[in-house]
Amino acid sequence: MPSTSARHIISINRKLLCKVSGCSRHRRGLGHWCNFHTGRSQRYGSPLGSVLRKKAYEVEYEQVRGLIAKHPTHAGVQSAVAWIGEWLSDAALGNVVPGQADMRRLSHHNVSPLQILTTASAIFAYHCREPRRLPDDADRLTFAIARAVLLLAPLDYRTSYLSGKPKSICRPLKATTLRNVGKHLRSVLGVLFIGIVDELNRQWQQHKDFRMSLGTSFTPHQSPAVPFNTKEKA
């Protein structure tokens, strides 16, 4: 139970407005934000964060999936798949690893290391292409990577009683779990993420150059003396 001095400080803080620009709500507890923005911070890594649906990054997901499928023997891909597989195995055995309970859930639902690698890489690629929609501020990118990975399998449910009747309630992902899992993925696989994005950008530039070459004029400095009649037969 908070001491008298702590309760006094909390009381004063609750009279202040949320620190998020434009928000007229009052702060929660000793924090800088209101209940609404505190909840967003706990779910998305930033008080300004929001849900990132798979439809938003489905293009990046398919591109990453195609790239990995084309280079299955790439040393970085093989190392990453083996590392994630060991992480899942340790979690299933009850060993202490980041996000142990949720990684065990993924293992129980047979989520493959390749699915995890593809999903995490796609989120990073989306961030690189849409930094304003998914900036790397606070823990926003870290949480987005972790959420996408940890939602590859259904969440666990717990039974609660409402008016004496049992009701199943979904167990939400914890902020500490999202932070730990996201940081673990980025710290180990960050170099591979960058390599994947660089290759996707190279392929995109190659395709762009090809399309531009198709529109290059055959006689850029002069017009032909006699127009070519496409209706005439050779």
Query - Hey, residue 66 part of a helix (DSSP H, G or I) and of a type outside the set (Ser, Thr, Tyr) or not - result: yes
**Report entry** For residue 59: the one exception among (1) aliphatic (A, V, I, L, M); (2) within 20 Å of residue 132 (Cβ to Cβ); (3) assigned to a loop (DSSP other than H, G, I, E, B)
**Finding:** (3)
Requested in this report: Considering every residue within segment 204-219, establish whether at least one is under 24 Å from residue 77 (Cα atoms) and surrounded by 12 or more Cβ atoms within 10 Å (Cβ to Cβ).
Outcome: yes
Query - From the options 118, 159, 73, residue that is at pLDDT 95 or above, surrounded by fewer than 15 Cβ atoms within 10 Å (Cβ to Cβ) and polar (S, T, N, Q) - result: 73
Report summary line: Taking first residues from segment 35-52 that are at positive phi and outside the structural domain of residue 176 (by TED's automatic domain parsing) and second residues anywhere that are among the acidic types (Asp, Glu) and surrounded by fewer than 22 Cβ atoms within 10 Å (Cβ to Cβ), the pairs with Cβ under 6 Å that are 6 or more apart or on different chains are 45/139
Query raised in the report: Got at least one residue in segment 199-212 being in contact with an Asp or Glu (Cβ under 7 Å, 6 or more places away or on another chain) and either in the same structural domain as residue 65 (by TED's automatic domain parsing) or at pLDDT 95 or above (or both)?
Result: no
Query raised in the report: Taking only pairs six or more apart or across chains, which ones have beta-carbon atoms under 6 Å, a first residue in segment 179-190 that is assigned by TED's automatic domain parsing to the domain that holds residue 150 and closer than 13 Å to residue 143 by Cβ, and a second residue that is part of a helix (DSSP H, G or I) and among the hydroxyl-bearing types (Ser, Thr, Tyr)?
Result: 182/142; 183/142
Report task. For segment 162-176, name all the residues that are modelled with pLDDT under 90, out of contact with any strand residue (DSSP E or B) (no Cβ under 7 Å at 6 or more places or on another chain) and not hydrophobic (A, V, I, L, M, F, W, C). Result -> 163, 164, 165
Report task. Answer yes or no: is there a residue in segment 8-27 that is small (Gly, Ala, Ser), under 27 Å from residue 172 (Cα atoms) and within 27 Å of the chain's Cα centre (by Cα). Result -> no
Query - Pairs where the first residue, in segment 5-19, is free of Cβ contacts under 8 Å to residues at least 24 places away in the same chain and the second is of a type outside the set (Val, Ile, Thr) and loosely packed, with under 10 Cβ neighbours inside 10 Å, C-beta under 7 Å, 6+ apart - result: 17/24
**Report entry** Filter result for residue 94 (of a type outside the set (Asp, Glu), modelled with pLDDT of 95 or more, farther than 20 Å from residue 52 by Cα and assigned by TED's automatic domain parsing to the domain that holds residue 194)
**Finding:** yes
Query raised in the report: When residue 90 is evaluated against the numbered criteria (1) assigned to a loop (DSSP other than H, G, I, E, B); (2) over 20 Å from residue 193 (Cα atoms); (3) among the acidic types (Asp, Glu), which criterion, by number, is the only one it fails?
Result: (1)
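The values are calculated or read from the model by the stated rules, or taken from the named source; none is laboratory data. Here the structure is a predicted model, which means the values were calculated and not measured. Here Cβ is always computed from backbone atoms with ideal geometry, including for glycine, and neighbour counts include all displayed protein chains.
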